[in-house]
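J.: This is the structure I have questions about; it appears just below.
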Amino acid sequence: MSQENKKSNVIAIVAMCFLFAMISFVTNLAAPIGNVWKAQGLSNMEAMLGNFMNFFAYLFMGIPAGKMLESIGYKKTALTAMVVGIVGLFVQYMGGQVDPSMGFAVYLLGAFICGFCVCMLNTVVNPMLNLLGGGGNKGNQLIQIGGSLNSLAGTLTPLFVGMLIGTITADTKLGDVSSLLFVAMGVFAVAFVIIFFTAIPEPHLKKGGDKEAKVKDAHSAWSFRHFVMGAVAIALYVGVETGIPGTLNLWLADPEVGLGREGAAAIAGGLAGFYWLLMMFGRMASSAISGSVSSKTQLTVCASVAIVFILLAIFLPDTITVSAPAFANFEFSMEVVPASALFLVLCGCCTSVMWGGIFNLAVEGLGKYTASASGIFMMMVFGGGILPLVQNFVADQAGFAISYIVPLLAVGYILFYAVIGCKNVNKDIPVE
């Protein structure tokens, strides 16, 4: 590879990692902002509707995003996503400016529009990082590096929202956190400029006169059993990734069954932020070992440990407490919280490798079907809206602790996929 190509690859990798961070920043606004709407009298399940709308958009945009990638390329798809993201964030802001009877509906519309944005970005960054790494363990390594920045953004988002809210009261409004929405819009504007001037390789871009592109293929990504099972695993995983910290945030900030003290929302946001921080450390560790330790091994170990952590969180009584790091009143402090909350935060170490591991295993051996497979994956990310909604319905009926049975079952399937379901049994299908 020439020196010029290597330099171009480095710039492309940095650009893709930057977009990975933006995905998390926008996505993770939804769950902590749910505390704002819950203060207006909504149930736990209703408070998670913003998160649901954000991920529900993937169901509609997943396949079209993959088609966009194939027809207009990575760069134009990313730039389009930036514009859509700015629009979505502005609509969310307007949700706090209009009549209260309509505010929540406007906010949900903005969350839905932002879902289109992050879906398109996800469609770009995952196959691009896998491609730039040459697939296999190296491809997974780059995905984990990008995921580390993704987790850093995820760490800061609930932390900042919690600090801006402080304590949940009946007077808590969306306007209390509107400054973050403007920050996000500004970051998207900067990202647009950076990507616009960055040369991005376009290996899957179809040429208008390419006759082969017009020939209908007898097979597709759906023809591979390990990909289909991986798509299900991704849907469940994203639900686990968002449901664990999102529900924990609602739990600890709840005036009745939560921490029950001043600054509870800030403490809850800080702990949710530490979950994402542990995801960052886990992804950094994974990126360091992925050149020698397989995705299958990492996924198996992490899913097994996550099951243990969630079981402890479910069955430990609230009377067993520990000191955990948190940010309250814009200051770092050690706060007494239920031990079950700490085990849920520790799950961040386990979920850190799951996205990259599942994606890497599911697209292995797909060849020319990889780009379209990425679009399908993005469609399945809608599970990130479904599972937390189901979990918080259970929380409304039976309590927060019992609701973690939902992510527990999902992680059980992910373990099954890592051990058995990821095997490619369709190697006879041509992929060149």
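The values are calculated or read from the model by the stated rules, or taken from the named source; none is laboratory data. As the structure is a prediction and not an experimental result, all values here were calculated from the model. Here the Cβ positions follow ideal geometry from the backbone for every residue, glycine too, while neighbour counts run over all protein chains shown. Accessible surface is based on the protein model in full, side chains and every heavy atom, while ligands, DNA and RNA are left aside. Shrake-Rupley method; radii C 1.70, N 1.55, O 1.52, S 1.80 Å.
J.: List the pairs whose first member sits in the range 221-240 and is hydroxyl-bearing (Ser, Thr, Tyr), whose second member is part of a loop (DSSP other than H, G, I, E, B) and modelled with pLDDT under 95, and whose Cβ atoms are under 6 Å apart, counting only residues at least 6 apart or on separate chains?
T.: That search, which allows pairs on different chains as well, returns Ser223/Ile429.
J.: Within the group Val411, Val419, Val425, Val431, which residue is of a type in the set (A, V, I, L, M, F, W, C) and within 19 Å of the chain's Cα centre (by Cα)?
T.: Val411
J.: Would you say Met16 is in contact with a helix residue (DSSP H, G or I) (Cβ under 6 Å, 6 or more places away or on another chain), in a helix (DSSP H, G or I), open to solvent by 20 Å² or more (accessible area, probe 1.4 Å) and among the aliphatic types (A, V, I, L, M)?
T.: Judged against the criteria, Met16 is not a match.
J.: Still on this structure: So, in the range 176-234, exactly how many residues are assigned to a loop (DSSP other than H, G, I, E, B), among the hydrophobic types (A, V, I, L, M, F, W, C) and either at pLDDT 80 or above or within 30 Å of Gly95 (Cα to Cα) (or both)?
T.: Filtering the range 176-234 for residues assigned to a loop (DSSP other than H, G, I, E, B) gives 197-210, 215-220, 224.
When the remaining residues are screened for being among the hydrophobic types (A, V, I, L, M, F, W, C), the result is 197, 199-200, 205, 215, 218, 224.
With the extra rule that they be either at pLDDT 80 or above or within 30 Å of Gly95 (Cα to Cα) (or both), the set shrinks to 197, 224.
Number of matching residues: 2.
J.: While we're looking at this one, here's another question. Which of the residues belonging to the range 109-119 are surrounded by 20 or more Cβ atoms within 10 Å (Cβ to Cβ) and free of Cβ contacts under 8 Å to residues at least 60 places away in the same chain?
T.: Listed by number, the residues that qualify are Gly110, Phe112, Ile113, Phe116.
J.: Need the failing condition index for Phe332 against (1) out of contact with any Pro (no Cβ under 8 Å at 6 or more places or on another chain); (2) surrounded by fewer than 24 Cβ atoms within 10 Å (Cβ to Cβ); (3) not β-branched (Val, Ile, Thr), just the number.
T.: (1)
J.: Among the candidates Leu361, Leu344, which residue alone is open to solvent by less than 10 Å² (accessible area, probe 1.4 Å), among the aliphatic types (A, V, I, L, M) and either in a loop (DSSP other than H, G, I, E, B) or at pLDDT 90 or above (or both)?
T.: Values: Leu361 fails: open to solvent by less than 10 Å² (accessible area, probe 1.4 Å).
None of the other options fit; the residue is Leu344.
J.: Continuing with the same structure: May I ask you to list pairs of residues, at least six apart or on different chains, whose Cβ atoms are under 7 Å apart, with the first in the range 49-67 being open to solvent by 60 Å² or more (accessible area, probe 1.4 Å) and the second being not acidic (Asp, Glu) and not in a helix (DSSP H, G or I)?
T.: Every condition considered, the pairs that remain are Leu59/Phe382.
J.: Something else: If Tyr74 meets every condition in (1) in contact (Cβ under 8 Å) with a residue 40 or more places away in the chain; (2) surrounded by 21 or more Cβ atoms within 10 Å (Cβ to Cβ); (3) under 23 Å from Gly384 (Cα atoms) apart from one, which number is that one?
T.: Every condition holds for Tyr74 apart from (3).
J.: Another one. If we scan the range 39-48, do we find a residue that is in contact with a helix residue (DSSP H, G or I) (Cβ under 8 Å, 6 or more places away or on another chain), open to solvent by less than 20 Å² (accessible area, probe 1.4 Å) and either among the aromatic types (Phe, Trp, Tyr) or closer than 30 Å to Thr198 by Cβ (or both)?
T.: Checked against the condition, which is being in contact with a helix residue (DSSP H, G or I) (Cβ under 8 Å, 6 or more places away or on another chain), open to solvent by less than 20 Å² (accessible area, probe 1.4 Å) and either among the aromatic types (Phe, Trp, Tyr) or closer than 30 Å to Thr198 by Cβ (or both), the range 39-48 yields no hits at all.
J.: Of the conditions (1) open to solvent by less than 30 Å² (accessible area, probe 1.4 Å); (2) closer than 25 Å to Gly348 by Cβ; (3) at pLDDT below 75; (4) not hydroxyl-bearing (Ser, Thr, Tyr), Gly136 satisfies every one except a single condition; which number is it?
T.: (2)
J.: Another question, then. Against the definition (open to solvent by less than 40 Å² (accessible area, probe 1.4 Å) and in contact (Cβ under 8 Å) with a residue 60 or more places away in the chain), how does Pro100 come out, yes or no?
T.: no
J.: Can you find, within the range 380-406, the residue that is modelled with the highest pLDDT among those that are touching a Phe, Trp or Tyr at 6+ places or on another chain (Cβ under 6 Å) and within 13 Å of Phe56 (Cβ to Cβ)? Give the steps one after another, and end with the answer.
T.: Taking the range 380-406 first, the residues touching a Phe, Trp or Tyr at 6+ places or on another chain (Cβ under 6 Å) are 381-382, 384-385, 389, 400.
Next, from what is left, pick out any that are within 13 Å of Phe56 (Cβ to Cβ): 381-382, 384-385, 389.
Numbers: Val381: 83, Phe382: 87, Gly384: 88, Gly385: 89, Leu389: 92.
Among those residues, the one meeting the criterion is Leu389.
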